[in-house]
Amino acid sequence: MKKLFSFLCLPMVLSLGACQSVPLTPIKAVLHVDLKRFMGDWYVIASIPTFIEQGAHNAVETYRLNEDGTIATTFTFRQGSFDGEEKRYQPTGYVFDTESNAVWGMQFIWPIKADYRIVYLDPNYTQTIIGRDKRDYVWIMARTPAIPETDYTRLLALLGEQGYDVSKIQLVPHRWN
């Protein structure tokens, strides 16, 4: 009976093993972030959205450095349309790598701190990409609600080099009066 059970389970175990993807190397974060310069408003230009961000319009992430070194974060957007209900979330950021300031944990619910990595930051602190080791979510953000197409194309290429499936990235609509 034990041999029969093993024989019947072997194909299932082998097929599950075939479904596993090759593990990705850790995503590369930038070498250094000046936290004071990074603070402020960032417009979400495009993302692989989380379930709460589906249909987001006019999405803006705002950071403020607290005295204790945590990051007060406010994420606002309109749900489903420019006139949709305003949504607001206020997670707290925790800098895990204080040498680079580029690897954070973002806490929406205690005690979970989600992986949050600054994987690109231009020298003028006007464009950034926030990614995760799992490559399941990503946010391309800028200090303005739009960026040149050439910049967007370059940032997508950078994400492709980091192992992201760029076909999943969606532009976030912006219209400001």
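The values are calculated or read from the model by the stated rules, or taken from the named source; none is laboratory data. Because the structure is a prediction, the values reported are computed rather than measured. Reconstructed Cβ throughout: ideal geometry from the backbone, glycine too, with neighbour counts over all protein chains shown.
Pick out the one residue from Ile45, Ile27 that is closer than 28 Å to Pro123 by Cα and modelled with pLDDT under 95.
Numbers: Ile45 fails: modelled with pLDDT under 95.
On inspection, the qualifying residue turns out to be Ile27.
Hey, does region 161-174 have a residue that's at pLDDT below 95, at negative phi, surrounded by fewer than 16 Cβ atoms within 10 Å (Cβ to Cβ) and out of contact with any strand residue (DSSP E or B) (no Cβ under 8 Å at 6 or more places or on another chain)? Within region 161-174, one or more residues are at pLDDT below 95, at negative phi, surrounded by fewer than 16 Cβ atoms within 10 Å (Cβ to Cβ) and out of contact with any strand residue (DSSP E or B) (no Cβ under 8 Å at 6 or more places or on another chain).
If we scan region 116-124, do we find a residue that is among the hydroxyl-bearing types (Ser, Thr, Tyr), at pLDDT 95 or above and in a loop (DSSP other than H, G, I, E, B)? So far as region 116-124 goes, no, none of its residues is among the hydroxyl-bearing types (Ser, Thr, Tyr), at pLDDT 95 or above and in a loop (DSSP other than H, G, I, E, B). Only a single criterion out of (1) free of Cβ contacts under 8 Å to residues at least 12 places away in the same chain; (2) touching a strand residue (DSSP E or B) at 6+ places or on another chain (Cβ under 9 Å); (3) polar (S, T, N, Q) is not satisfied by Thr144, namely (1). The strands (runs of 3 or more DSSP E) found entirely in region 35-94 that carry 2 or more residues being within 17 Å of the chain's Cα centre (by Cα) and surrounded by 14 or more Cβ atoms within 10 Å (Cβ to Cβ) are 40-48, 56-65, 71-79.
Please determine whether any residue of region 95-104 is in a strand (DSSP E or B), touching a residue at least 24 places away in the same chain (Cβ under 8 Å), out of contact with any Leu (no Cβ under 8 Å at 6 or more places or on another chain) and not hydrophobic (A, V, I, L, M, F, W, C). Give the steps one after another, and end with the answer.
Residues of region 95-104 in a strand (DSSP E or B): 95, 103-104.
So of that shortlist, the ones also touching a residue at least 24 places away in the same chain (Cβ under 8 Å) come out as 95, 103-104.
From what's left, out of contact with any Leu (no Cβ under 8 Å at 6 or more places or on another chain): 103-104.
Those left that are additionally not hydrophobic (A, V, I, L, M, F, W, C): none.
No, region 95-104 contains no residue that is in a strand (DSSP E or B), touching a residue at least 24 places away in the same chain (Cβ under 8 Å), out of contact with any Leu (no Cβ under 8 Å at 6 or more places or on another chain) and not hydrophobic (A, V, I, L, M, F, W, C).
Please pick out the residue among Asp133, Asp151 that is at pLDDT below 95, touching a strand residue (DSSP E or B) at 6+ places or on another chain (Cβ under 8 Å) and among the acidic types (Asp, Glu). I'd like the intermediate steps shown before the answer.
Numbers: Asp151 fails: at pLDDT below 95.
Checking each option against the conditions leaves just Asp133.
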